[in-house]
Amino acid sequence: MNICVFCSSSNAIPELYFDEAKKLGKLIGDNHHEIIYGGATVGLMHTVAEAARQAGARSVGIIPESIHNKRLSSPLDHEQIITPNMRDRKYLMRKRSDAFIALPGGFGTLEEILEVITLKQLQYHNKAIVFVNTDGFYNSLFDQFERAYRDSFSKEDYKSTYFIADDSEEAISYIHNYIPVEQASKWFDVPGPSRF
């Protein structure tokens with residue numbers, strides 16, 4: 001299975017996040033999966049990919065040219081893909097992957113994981129999506145999701161589009177046991193003519 005990992009590229013974050021990234025990478029390798037990731041030599045990206053390789057996983061780094069030109073791309077990947085822009089990078093990451101895991105990260109990680117949730121919601125794919133909620137990192141985001149459900153910006157049915165794992169073991173277990181379910185229509189009512 002090809003598992004895509006979205007995660008931080010920061011080296012300045014607390015050690016506990018690196019510890020969890022190492023665990024996830026080792027589990028990916030121990031279970032004979034391939035890791036698809038952002039291809040950089042910094043932050044959790046480097047840590048999770050290196051741990052996966054050390055445990056026997058094949059790694060595919062997909063990195064945009066602008067970041068590659070900053071000499072931040074890993075020379076250790078089994079396959080390196082350099083894309084002209086971020087849009088193509090995200091497209092290839094989605095296309096090459098059978099499941100998605102978000103470790104803690106910043107704006108880029110949020111954009112990536114929310115995009116795959118949105119595409120699943122719109123029935124472009126039906127792959128497993130998991131947040132690894134290390135030390136409650138994503139709790140405020142999940143509170144925002146709950147507000148969206150409560151005020152009918154999103155259907156509560158869409159809680160099933162993603163899974164919240166406390167740790168990497170729970171994330172990998174979910175992916176191994178994932179059974180796709182048909183997604184409900186995004187809209188509460190069939191859209192009618194504009195009011196204007």
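Show the residue pairs meeting these rules: Cβ distance below 6 Å; 6+ apart or different chains; first residue within the stretch 20-36 and in contact (Cβ under 8 Å) with a residue 60 or more places away in the chain; second residue of a type in the set (A, V, I, L, M, F, W, C) and outside any helix (DSSP H, G or I).
Every condition considered, the pairs that remain are ALA21/LEU103; ILE28/ILE3; ILE28/ILE35; ILE28/ALA57; ILE36/CYS4; ILE36/VAL60.
Here is a list: LEU92, LEU119, LEU76, LEU114. Which entry is assigned to a loop (DSSP other than H, G, I, E, B), surrounded by fewer than 17 Cβ atoms within 10 Å (Cβ to Cβ) and either touching a helix residue (DSSP H, G or I) at 6+ places or on another chain (Cβ under 7 Å) or at pLDDT 95 or above (or both)?
Just a single option satisfies the conditions, and that option is LEU76.
Determine if the stretch 59-72 includes at least one residue that is at pLDDT 95 or above, of a type in the set (Asp, Glu) and buried (at least 18 other Cβ atoms within 10 Å of the Cβ).
no
Here's the yes/no breakdown for (1) on the phi > 0 side of the Ramachandran plot; (2) in contact with a strand residue (DSSP E or B) (Cβ under 9 Å, 6 or more places away or on another chain); (3) free of Cβ contacts under 8 Å to residues at least 60 places away in the same chain:
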| position | (1), (2), (3) |
| --- | --- |
| LEU92 | no, yes, yes |
| PHE100 | no, yes, no |
| GLY108 | no, yes, no |
| ILE113 | no, yes, no |
| GLN123 | yes, no, no |
| ASP135 | yes, no, no |
| ASN139 | no, no, yes |
| GLN144 | no, no, yes |
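The values are calculated or read from the model by the stated rules, or taken from the named source; none is laboratory data. Given the structure is predicted, the values throughout are model-derived calculations rather than measurements. Because the Cβ atoms are built from the backbone with ideal geometry, glycine has one as well, and the counts that use them run over all protein chains shown.
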